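The values are calculated or read from the model by the stated rules, or taken from the named source; none is laboratory data. On a predicted model such as this, the values are computed, not experimentally measured, just so you know. Here the Cβ is made from the backbone with ideal geometry for all residues, glycine too, and neighbour counts use every protein chain on show. All accessible areas refer to the heavy atoms of the entire protein, side chains included, with ligands and DNA or RNA removed. Shrake-Rupley method; radii C 1.70, N 1.55, O 1.52, S 1.80 Å.
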Amino acid sequence: MFIAHVPSGYLLGVLQRPALSRHVLPACMLGATVPDLNLFYFYLVDGRQTHHHQYFSPWPSLWPGLTILAGLWLSLRRDSTSAAMTLAFAPGGMLHMLLDSFVGDIWWLAPLPGQPFALFGVPALHQPWWLNFLLHWTFAAELAICAAALLVYRIRRGHRQTEHRP
Ligand SMILES: [Zn+2]
């Protein structure tokens, strides 16, 4: 997934917001983005030797585990902003892995050995490589997520402006 991680984190954060603190939205958006920050390592350090989904941040087992720990932390410290933010951050990472499974190879059993999984294959028809993803029909799902996030943002902003009018 290329462009929909931040918007998907926004949508997930909006869904979580009533139950948690006001820090939920940015934490969730950050969590939905963080698994791909390993791309800096991939390009700048590793020299593209290892698929970036094989580093530890895209391990799907990491995110539910962190979510459970954050839930336990918040149950012990109900007033902890850090626990609330972590409980928003971790599902953002899980959402990232689910969305990447659409067309990106995800090693769902990692760190155990296994094969990568992608729901749909993207044939290599164009150069540069990323055009294959942008011109594949699954990119419409990314555009739909972006459009939904923009719509929800505009609706929420409209509500806030209405609330502040005298
Ligand atoms: Zn990713």
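Yes/no per residue for (1) at pLDDT 85 or above; (2) away from the ligand (no atom under 11 Å from the Cβ):
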| position | (1), (2) |
| --- | --- |
| Cys28 | yes, yes |
| Gly31 | yes, yes |
| Leu39 | yes, no |
| Gln49 | yes, yes |
| Pro58 | no, no |
| Leu62 | yes, yes |
| Gly65 | yes, yes |
| Leu74 | yes, yes |
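Can Leu119 be described as open to solvent by 90 Å² or more (accessible area, probe 1.4 Å) and within 16 Å of the ligand (Cβ to nearest atom)? Criteria met by Leu119.
If I filter region 36-43 for residues that are assigned to a loop (DSSP other than H, G, I, E, B) and free of Cβ contacts under 8 Å to residues at least 60 places away in the same chain, do I get at least one hit? No - not one qualifying residue is present in region 36-43.
Within region 89-105, the presence of a residue that is closer than 21 Å to Leu30 by Cα, of a type in the set (Ser, Thr, Tyr) and open to solvent by 60 Å² or more (accessible area, probe 1.4 Å) is excluded. Flag: Ala110 does not match the condition of being away from the ligand (no atom under 13 Å from the Cβ), surrounded by 15 or more Cβ atoms within 10 Å (Cβ to Cβ) and outside any loop (DSSP other than H, G, I, E, B). Just wondering, is there one or more residues in region 145-153 that are modelled with pLDDT of 95 or more, surrounded by 13 or more Cβ atoms within 10 Å (Cβ to Cβ) and within 16 Å of the ligand (Cβ to nearest atom)? Within region 145-153 (the criterion being modelled with pLDDT of 95 or more, surrounded by 13 or more Cβ atoms within 10 Å (Cβ to Cβ) and within 16 Å of the ligand (Cβ to nearest atom)), the answer is yes, since at least one residue qualifies. Scanning region 76-107 for residues that are within 14 Å of the ligand (Cβ to nearest atom) and acidic (Asp, Glu) yields a count of 2.
Here's a check for you: in region 1-25, which residue that is without any contact (Cβ under 8 Å) to a residue 60 or more places away in the chain and within 22 Å of Gly65 (Cβ to Cβ) is farthest from the ligand (Cβ to nearest atom)? Among those that are without any contact (Cβ under 8 Å) to a residue 60 or more places away in the chain and within 22 Å of Gly65 (Cβ to Cβ), it is Ala19.
Suppose we filter region 13-26 for residues that are open to solvent by less than 40 Å² (accessible area, probe 1.4 Å) and either within 9 Å of the chain's Cα centre (by Cα) or modelled with pLDDT of 85 or more (or both); how many remain?
Adding up the residues that qualify gives 4.
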